[in-house]
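Heads up: the structure comes next, in structure tokens.
The values are calculated or read from the model by the stated rules, or taken from the named source; none is laboratory data. Keep in mind it's a predicted model, so treat the numbers as computed, not measured. Quick reminder, even Gly has a Cβ in these numbers, built from the backbone with ideal geometry, and neighbours come from all protein chains shown. Note: areas computed on protein heavy atoms with side chains; ligands, DNA, RNA excluded. Shrake-Rupley method; radii C 1.70, N 1.55, O 1.52, S 1.80 Å.
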Amino acid sequence: MSSVVALDRLLDSRQIWRGQAIGTSSSSTQPTGHAALDDALPGGGWPDAALSEILMAAPGVGELRLLWPTLARLTHAGERVVLVGPPHVPYPQAWLAAGVDLRQLVIVQASGRDALWAAEQCLRTGSCGAVVCWPRQVDDRALRRLQVAAETGKTLAFAYRPLSEAVNASPAALRVTLDARELRILKCRGGLAPARPIATPALAASGWH
């Protein structure tokens, strides 16, 4: 006997593929500030109004320097940048030296579900230029909520996660892995991920106390 299965259940379980409706997908991007990375990404930059995951081998491999050019550009344009649940206290002099306007930088100290909720709300408001978060334990559904919130608020979203998560699927528009030597693009919206890694010798620096 045949059975009827709800479409939403199939979508949630990833048993069928959901395509993009014509005219609703966005291919706009924002430059990363790193020429080699912009050249490798479809559209030449971070996918706008979307979630980008940065999967790190370990903290302190240049994960902040990867975003600093973007955050500096946004804050100097008067856009608010929110850090949700950072693992350490940002070192002001390092952020200033990177060109970030600290007057536009907001830090939300939260963890667990509270951090995910805070990041989602900041993204949905559309009042921020970028939201950067450090989710410790997060499932596919929670990541999907961040992706939808970024689309809703038309905001750049960045999530720093452990490199071990690279083996798991993710709804993020962009996924990159980062260590002290190179950056690899695992997934990118609008094109195929390049096979070759990108050398990152200039990124290895810390912006934490």
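Arranged from highest to lowest average of other beta-carbon atoms within 10 Å per residue, in what order do the peptides 118-128, 97-107 appear?
Details: 118-128: 20.2, 97-107: 15.1.
In decreasing order of mean packing, 118-128, 97-107 become 118-128, 97-107.
The label-point distance for residue 136 and residue 166, in a model that sets each label 7 Å from Cα toward Cβ, rounds to 2.4 nm. Restricting the calculation to Cα atoms, the range 26-162 yields a radius of gyration followed by a Dmax of 13.8, 37 Å.
Selection among 119, 104, 56 by position relative to the dipole of the range 28-203 gives 119 as farthest towards the positive end (Cβ unit charges, Cα centre). Determine the distance separating the Cα centre of the range 37-74 from the Cα centre of the range 81-119; give it in Å without decimals. Rounded to whole Å, the Cα centres lie 15 Å apart.
On the accessible surface of the range 82-195, probed at 1.4 Å, how many percent belong to carbon and sulfur atoms?
Values: 3050 of 5650 Å².
Accessible surface attributable to carbon and sulfur in the range 82-195 totals 54 percent.
Under 5 Å between amide hydrogens, built in the peptide plane, is the criterion, and for residue 55 it picks out 161, 176, 177, 178 among residues at least 5 positions away or on other chains. Taken per residue, the accessible surface of the range 128-183 reaches 41 Å², heavy atoms only and a 1.4 Å probe. Karplus-derived 3J(HN,Hα) values for the range 36-51, using 6.51 cos²θ - 1.76 cosθ + 1.60 with θ = phi - 60°, are 5, 6, 4, 5, 7, 8, x, x, x, x, 4, x, 6, 6, 7, 8 Hz; glycine and proline are entered as x.
Residue ranges 38-46, 72-80 sort as 38-46, 72-80 when ordered by packing (mean number of other C-beta atoms within 10 Å per residue, highest first).
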